[in-house]
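Contents: one structure, followed by commentary.
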C-alpha cells in the first residue's frame with residue numbers, strides 16, 4: 001500500500017502528479033472543515049507536505065498522531081512547530097540552497113531599483129512628466145557600504161554579489177563566522193549606522209520579530225536604504241512606514257510584509273519604496289528545484305529513514 005500523505009497547500013502540478021504516483025494523497029487544502037476532517041481521519045496519515053508560508057502548527061500536529069515525516073516547500077521555518085516535531089521524532093525536510101541565487105538576485109534588484117529609482121523613473125515617463133523637466137538625480141550603488149543582517153546561505157550569496165559592485169561588506173548575527181573576510185558587527189544599530197544599504201536576510205520567528213526596530217531605522221538614517229527579502233515580521237512595519245513617510249531613511253525595497261498579502265496602504269503613494277509580492281524565489285527554475293526537493297525528501301525518508309535536507 002502507498003503511504004498515506006496529507007497535502008497541506010498546493011504544489012506545482014508536476015509535483016502533485018509525482019506524489020500521486022507514489023503516495024495515497026489527500027488534498028487537505030480543499031477541506032472546508034479541516035479540524036473536523038482531522039478529528040476523523042488524522043490517524044491515517046504518516047506523511048505530510050506543507051508550504052513555508054502556511055507551515056504546520058502544534059494543533060495540527062496533535063491531530064496527526066502517526067505522522068512520521070513533513071516535507072516543506074520553502075526555507076522559512078517560523079510557521080513550523082519544530083519543537084513538537086523534534087519531541088515526537090517527526091522528520092522535517094525543507095528546501096534550502098536551491099533558491100539562494102534567485103533570492104540574492106532579487107535582493108540586488110531591489111537595492112538597485114530603490115537607489116537608482118528605476119520603478120519610480122518608469123512611472124515618471126509613463127505619466128508624461130519627462131517633457132516637463134528632467135528626472136531628479138539618484139544614488140550611486142557601486143563602492144557603497146553593504147550591511148547584511150544574517151550571514152547564512154542567502155546572506156553569503158548576497159555578499160558575493162556585492163563584489164561586482166566593489167562594495168565593502170559587514171554583517172550582524174548571533175556570532176561571528178569562521179572563514180569569512182567580511183567584518184562582523186556585534187551591534188545591529190552600529191551596523192545600520194555604518195551601512196549605506198542594510199539587507200535583511202535572517203530567519204523569521206519569535207527570536208527575530210521586529211529585530212529591525214525604530215532605533216535601527218534611526219541609525220540607518222536619511223541617507224540609508226533598507227532591503228528585506230527575509231520575513232516581514234523581522235521589521236517593525238509601523239516604524240518602517242513612519243520612517244519612509246517622514247524620510248527618516250532614504251528608501252526601502254521590500255519583498256515581504258508582516259501580514260501578507262496585506263500591504264500598508266500608506267506605502268502605495270511613496271516613490272522611495274519598491275514593493276514586491278513575495279517573489280524572491282519565484283522563477284521557473286528555482287520553483288522546479290524546490291518542488292523536486294520536496295519529493296526527494298519524502299522518497300529518501302521512506303527509503304532510508306532520513307530526509308535529504310533536514311530542518312530538525
Revision key, fill the gap. Going from the fewest other Cβ atoms within 10 Å to the most, one would list 184, 124 as 184, 124
Revision key, fill the gap. Using the Kirkwood radius over Cα pairs of the stretch 100-275, the Stokes-Einstein translational diffusion coefficient at 37 °C and 0.692 mPa s, in µm²/s and rounded to a whole number, is 201
Study note, to complete from the structure: 1/(1 + (r/R0)^6) with r = Cβ-Cβ of residue 242 and residue 138, R0 = 22 Å, i.e. FRET efficiency to nearest 0.05, evaluates to 0.40
Practice item. Only one of the values (i) 152; (ii) 133; (iii) 162 was calculated from this structure for volume of the Cα convex hull per residue in Å³; name its label. Key: (i)
Practice item. Show that you can apply the helix-only estimate: for the chain, add -39,500 (n - 2.57) for every DSSP H stretch of four or more residues, divide by all residues, and state [θ] at 222 nm to the nearest 500. Key: -10500 deg cm²/dmol
Practice item. Using a Förster distance of 51 angstrom, determine the FRET efficiency expected from the C-beta separation of residue 32 and residue 299, and round it to 0.05. Key: 0.95
**Study point:** Simple label model, 7 Å out from Cα along Cβ direction - residue 119 to residue 180, nm
**Key:** 2.7
Revision key, fill the gap. Within the set 203, 187, 72, GNM on the chain using Cα springs under 10 Å gives the largest fluctuation to 187
Review point. Could you give the length gained on full extension between residue 41 and residue 112, defined as 0.36 nm per residue of separation minus the Cα-Cα distance, in nm?
Key: 20.5 nm
Review point. Using alpha carbons only, how many degrees (0 to 90, rounded to 10) separate the axis of helix 100-116 from the longest principal axis of the chain?
Key: 30
Exercise for review: Run the numbers on the chain and let me know its relative contact order in percent, using alpha-carbon pairs under 8 Å that are six or more apart.
Suggested key: 18
Check your understanding: At a Förster distance of 22 Å, what's the computed FRET efficiency of residue 163 paired with residue 189, Cβ-Cβ distance as r, to 0.05?
Key -> 0.25
Revision key, fill the gap. From fewest to most C-beta neighbours within 10 Å, the residues 119, 142, 215 line up as 142, 215, 119
Point to revise | Of all DSSP beta bridges in the chain, antiparallel share, percent nearest 5 | key: 5
Check your understanding: Is the shape of the stretch 96-151 best called rounded, prolate or oblate, per the rule: a/c under 1.5 gives rounded, else a/b larger than b/c gives prolate, else oblate, with a ≥ b ≥ c the square roots of the Cα gyration tensor eigenvalues?
Key -> oblate
Practice item. List the relative contact order of the stretch 110-195 as a percent without decimals, with contacts defined as Cα pairs under 8 Å and 6+ residues apart. Key: 24
Exercise for review: Before anything else, pin down the relative contact order of the stretch 142-246: Cα pairs under 8 Å, at least 6 apart, normalised by residue count, whole percent.
Suggested key: 27
Review point. If the chain between residue 21 and residue 83 were fully stretched, how many nm would it gain, using 0.36 nm times the residue separation less the Cα-Cα distance?
Key: 19.2 nm
Review point. If each residue's Cβ is checked for other Cβ atoms within 10 Å, how do 84, 49 rank with the fewest at the top?
Key: 84, 49
Check your understanding: Between the stretch 55-97 and the stretch 159-198, what is the C-alpha centre distance in whole Å?
Key -> 32
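Every number in this text was worked out from the coordinates using simple rules, so none of it is lab data. All of these numbers come straight from a predicted model, not from anything done at the bench. Every residue, glycine as well, gets a Cβ built from its backbone with ideal geometry; the counts of neighbours run over all protein chains shown.
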